[in-house]
1. Scan segment 5-31 residue by residue and report those that are modelled with pLDDT of 90 or more and either surrounded by 13 or more Cβ atoms within 10 Å (Cβ to Cβ) or polar (S, T, N, Q) (or both).
2. Restricting to segment 51-68, count the residues that are modelled with pLDDT of 90 or more and either not assigned by TED's automatic domain parsing to the domain that holds VAL122 or not charged (D, E, K, R) (or both).
3. Do you know which residues across segment 168-181 are out of contact with any Leu (no Cβ under 9 Å at 6 or more places or on another chain) and not basic (Lys, Arg)?
4. Can you tell me how many residues in segment 254-298 are under 26 Å from HIS77 (Cβ atoms) and either among the hydrophobic types (A, V, I, L, M, F, W, C) or modelled with pLDDT under 50 (or both)?
5. When segment 238-252 is examined, which residues are found to be assigned to a loop (DSSP other than H, G, I, E, B) and free of Cβ contacts under 8 Å to residues at least 40 places away in the same chain?
6. Restricting attention to segment 193-222, report how many residues are within 25 Å of the chain's Cα centre (by Cα), in contact (Cβ under 8 Å) with a residue 12 or more places away in the chain and surrounded by fewer than 15 Cβ atoms within 10 Å (Cβ to Cβ).
7. Search segment 96-112 for residues being at pLDDT 95 or above and not hydrophobic (A, V, I, L, M, F, W, C), and hand back the single one that is farthest from TYR24 (Cα to Cα).
8. Does SER189 satisfy the criteria of being more than 25 Å from SER56 (Cβ to Cβ) and assigned to a helix (DSSP H, G or I)?
Amino acid sequence: MAKKNTQRKRTFTRNDIKTPADTYESIGDLEARLRTEEQPVLPANANEGTVLERDSIRVAEKAFQWRLPKRNMVPRHDVIYDMARALRDGFKLPPITVFAVGTGFYVIDGHHRLAAYDTAGVRRVPAKVFLGTLEEAERFALRSNSRDKIPMGKADKLAAAWRLVRQDKDGDSISSIARDAGIAQSSVSNMRAVLKKLREMGLSADDILEMSWNTARGRAQGITEDAELEDWREAEAQKLVEAIARAKLGARLTKNPDITAIALAKLNDGLPQALMAQWTEPAEVTYDPDDQTPDEDF
């Protein structure tokens, strides 16, 4: 009698999730490389689908990842974990989309899928090669993020819109930026007014590029303390997120919100009410350069 194949499937937990290393390259860095480096010879019909060796695939989040870093960590890890298990069980994922620069292929759509391949130990990755320009690839990445399984949050969308406004590309309009970033046209108008004010104040393009939307709005209104406070709050909140992740409590907190609500009330009776006050969104306020009141809509 033939011996039965009892090969065991690879087992892993959420603690085994691997996220791809980042090159930390910006769009400017990639533009410079495109001008100086010889481009690779692409496989036939690469835009329709090919298979790439994992070592040739790069991640440059500053260039192509429009989400704010380290947000929605629990749902992101859940998606990666589920896809990695699917790969382990023999299922196929849609191909990632990449953009060729030099000898590497940069992910513009499929960051979570690439993490799933890494987690599952798969070294050959189905991919489609984007054949447009670098600028077109950047916008393709934004539109792909906007319709991803994990929706972009409000902060992600505002950061994306502010990035587009700062780039000040020919052909961009208020309506096109609002559509690509998924925010209201009035918010884009506010951002353009802030950008104009910052330039009138004599700030350099490099300084403006380094500013978050909160900081830029505060500088335009002459209010730096509130912007600095907001950035400090964001940094402290990120520390708390990382502490929760280290304690492996993220999934438990999000799995049963009703139980989480009870637990928070047990920690402090006033905490749920305070959280609701923080989460209630005020009405939109149009930017007024003569108004010294902070715009709390953002």
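The values are calculated or read from the model by the stated rules, or taken from the named source; none is laboratory data. In this text the structure is predicted, and so the values were computed from the model without any measurement. Methodologically, a virtual Cβ is constructed for each residue, glycine included, from the backbone with ideal geometry; neighbour enumeration extends over all protein chains shown.
1. PRO20, ASP22, THR23, GLU25, SER26, ILE27, ASP29, LEU30, GLU31
2. Final tally of qualifying residues: 8.
3. Our first condition is that a residue be out of contact with any Leu (no Cβ under 9 Å at 6 or more places or on another chain); within segment 168-181, this holds for 169-171, 173-175, 178-179.
Hits for segment 168-181 are ASP170, GLY171, SER173, ILE174, SER175, ALA178.
4. 9
5. ALA247, LEU249, listed by residue number.
6. Summing the residues that are within 25 Å of the chain's Cα centre (by Cα), in contact (Cβ under 8 Å) with a residue 12 or more places away in the chain and surrounded by fewer than 15 Cβ atoms within 10 Å (Cβ to Cβ) in segment 193-222 gives 1.
7. THR97
8. Taking the combined requirement at face value, the residue satisfies it.
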